[in-house]
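Bear in mind that the values in this text are calculations on the coordinates, not laboratory data. What you are looking at is a predicted structure, and each value in this text was computed from that prediction instead of being measured. Note: ideal-geometry Cβ built from the backbone for every residue, glycine included; neighbour counts use all protein chains shown.
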């Protein structure tokens, strides 16, 4: 008998809960779950950004030799804009550059990664019975660029201690020579 009464009470309690007689029924709609809208009036926002802090020449250096035309004397051997020797180079960047290539390149007056062809000409006189080949190599200036992180809170910007260093290689000129072949 106790067992029968226990089953009836359990079933009755379940029915009462399902019908809402014991407590209120709560309905949740999707718009009630979305985050509240925050008015921007009077609230400070914080943002981090990077700027170029300093630029210093690190070193000057030569790139690898490229081979040009070969000629046997007596003759004049030349390289000019119409030759097949490729004289196309671009500024390059390495290491860390959170300020971005465009910002760093703009601060140096170059477009990093864009290929340029620099025209020039070079001529040598090849003596009788000799055979020469013109060779050419690029000369670069390497610039050390220190970038600094800034923080902006509301309308106030301040430097942070966080820095990053990038090295930019900027073409300067072509260096020509020749070799006996």
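Ranked by the mean number of other Cβ atoms within 10 Å of their residues, highest first, the peptides 52-63, 137-148 fall in the order 137-148, 52-63.
Short-range pairs are left out: with C-alpha atoms under 8 Å and at least six residues apart, the relative contact order of the stretch 77-181 is 35 percent. Size estimate for the stretch 46-180 follows the Kirkwood approach: the inverse of mean 1/r over distinct Cα pairs works out to 17.5 Å. With Cα atoms defining each centre, the stretch 153-172 and the stretch 133-147 are spaced 23 Å apart in the structure.
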